[in-house]
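In what follows, a structure is listed as structure tokens, so that the remarks can point back to it.
None of the figures in this text is laboratory data; all of them are computed from the coordinates on show. What you are looking at is a predicted structure, and each value in this text was computed from that prediction instead of being measured. Counting neighbours? That spans all protein chains shown, and the Cβs are built from the backbone with ideal geometry, glycine included.
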2 protein chains.
Amino acid sequence: MALRYPELDLDRQLCFPLYAAARAVVRAYGPLLDAVGLTYPQYLAMLALWGSPTEPMTVGELGERLRLDTGTLTPLLKRLENAGHLSRRRDPDDERRVLLQVTDQGWALRDEVAHVPGELLRSMRLNPDDIPELRRLLDHVLNPPEPGDEPSAPSHEAETLVPPR
Amino acid sequence: MALRYPELDLDRQLCFPLYAAARAVVRAYGPLLDAVGLTYPQYLAMLALWGSPTEPMTVGELGERLRLDTGTLTPLLKRLENAGHLSRRRDPDDERRVLLQVTDQGWALRDEVAHVPGELLRSMRLNPDDIPELRRLLDHVLNPPEPGDEPSAPSHEAETLVPPR
DNA sequence: CACGTTTATATCGTACACAATTGAATCGTG
DNA sequence: CACGATTCAATTGTGTACGATATAAACGTG
């Protein structure tokens with residue numbers, strides 16, 4: 001059995017609670033979004049489109065915003081189109097791009113889900129003080145500081161979670 | 001356009017960075033686990049089996065540990081079995097159960113991934129002080145305190161993320 | 001000791017995720 | 001202006017997730 005490898009203990013991992021918590025939250029959205037016929041990733045896509053300063057948005061812009069690639073987005077967007085929430089059409093000025101436009105029905109959907117974020121947040125029962133703290137830590141994980149960026153000085157080159165463009 | 005619904009702003013959501021960060025971390029594991037032919041959920045399953053005080057473990061126990069259901073685990077475990085990392089057999093004492101046993105090859109795999117957690121943690125570039133804090137917050141999300149458990153007193157009944165058994 | 005209930009997995013159907021490849025449109029440079 | 005490089009989206013293939021249903025084994029009670 002060699003050594004004990006305490007570092008492999010599931011309870012010492014940071015990745016596992018992160019992974020499990022993300023799934024738990026998506027699951028918690030289930031019933032609320034089911035009521036309007038959306039899945040959680042579809043809901044995120046609608047949030048991104050509703051909040052975009054540049055409507056219409058392209059598939060690439062949406063993917064950058066949600067950090068999802070076209071293999072995920074193309075079928076998801078087709079389902080949202082079939083549901084009547086958005087339209088997809090090639091950009092006449094650049095036939096490579098596909099423009100995503102929220103339909104009237106898609107805008108109406110916004111009223112129906114306006115209560116959802118608050119409801120979810122309440123169900124998480126986080127300390128109000130913990131909310132910005134959790135957001136800060138998650139943002140850090142999503143955008144790790146560059147090696148030379150600031151405080152800690154880990155000289156030895158290592159890959160970051162999100163490589164610089 | 002009705003009201004502006006600031007609560008629907010993607011950047012105000014807590015769920016989105018949680019969801020995106022979890023995917024980013026799984027993606028970061030990709031190359032490291034690829035080297036030994038595991039996916040991230042398969043790696044978690046092996047961590048759970050390696051660390052189980054009660055070998056052999058049943059599918060149900062593993063599912064409880066990882067918070068995954070049989071629809072996910074059964075095919076995943078078959079792949080691990082095909083890869084030679086574990087064996088699956090019906091419990092002779094209760095034919096409903098399936099016992100999961102790590103093979104010699106499965107134990108050997110442990111040596112090969114022992115460096116992985118440390119490498120990942122370094123790539124996240126978290127402040128050492130932030131690590132227990134992030135763990136605490138994620139554990140809170142995974143196990144929200146019961147309404148009567150402690151401090152805040154939100155009298156009105158509301159669903160928790162994880163309902164009590 | 002039958003027989004309805006509960007329990008443990010498996011199966012099915014739908015919907016992500018993402019790496020890798022494809023194919024068409026555009027761009028940049030000579 | 002030609003033509004190779006780049007960009008953008010779609011497609012393909014594999015592997016999760018999870019609700020719902022199915023099935024078989026074990027259990028409990030009359």
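Observations, loosely collected:
- Based on alpha-carbon atoms, the Kirkwood radius and the radius of gyration of the protein assembly as shown give Rg/Rh equal to 0.99.
- FRET E, pair B:Q105, B:N143, Förster distance 30 Å, beta-carbon r, rounded to 0.05: 0.30
- Relative contact order (percent, whole number), the stretch B:1-145, Cα cutoff 8 Å, 6+ residue spacing: 18 percent
- Percent of Cα-Cα distances greater than 11 Å, calculated over the stretch A:92-138: 77 percent
- The long axis of helix B:104-113 is offset from the longest Cα principal axis of chain B by roughly 40 degrees.
- For the protein assembly as shown, with +1 on Lys and Arg beta carbons and -1 on Asp and Glu, the positive-most of A:Y5, A:L80, B:W50 along the dipole: A:L80
- Relative to the dominant Cα principal axis of chain B, helix B:70-82 is inclined by about 40°.
- From phi via Karplus (6.51, -1.76, 1.60), per-residue ³J(HN,Hα) for the stretch A:21-29 in Hz, x at Gly/Pro: 5, 4, 5, 4, 5, 4, 4, 5, 5
- GNM remark for chain B: springs join alpha carbons under 10 Å apart, and the peak mean-square fluctuation among B:E146, B:E119, B:E81 falls on B:E146.
- Summed side-chain charge close to B:E95 - residues other than B:E95 whose Cβ falls under 14 Å, Lys, Arg +1, Asp, Glu -1: +2
- FRET efficiency for the pair A:R4 and A:T74, taken as 1/(1 + (r/R0)^6) with r the Cβ-Cβ distance and R0 = 41 Å, rounds to 0.30.
- Between 0 and 90°, nearest 10: helix A:40-50 axis offset from chain A longest Cα axis: 60 degrees
- Cut-off 9 Å between beta-carbons: net charge of the residues surrounding B:S52, Lys and Arg +1, Asp and Glu -1: -1
- Positive minus negative residues near A:L76 (Lys, Arg vs Asp, Glu; Cβ under 14 Å): +3
- Computed over chain A, Kirkwood Rh from alpha-carbon pairs, angstrom: 19.0 Å
- FRET efficiency, B:R96 to A:T39 (Cβ-Cβ, R0 25 Å, nearest 0.05): 0.15
- Expected 222 nm ellipticity per residue - DSSP helices of 4 or more, -39500 (n - 2.57), all of chain B, to 500: -16000 deg cm²/dmol
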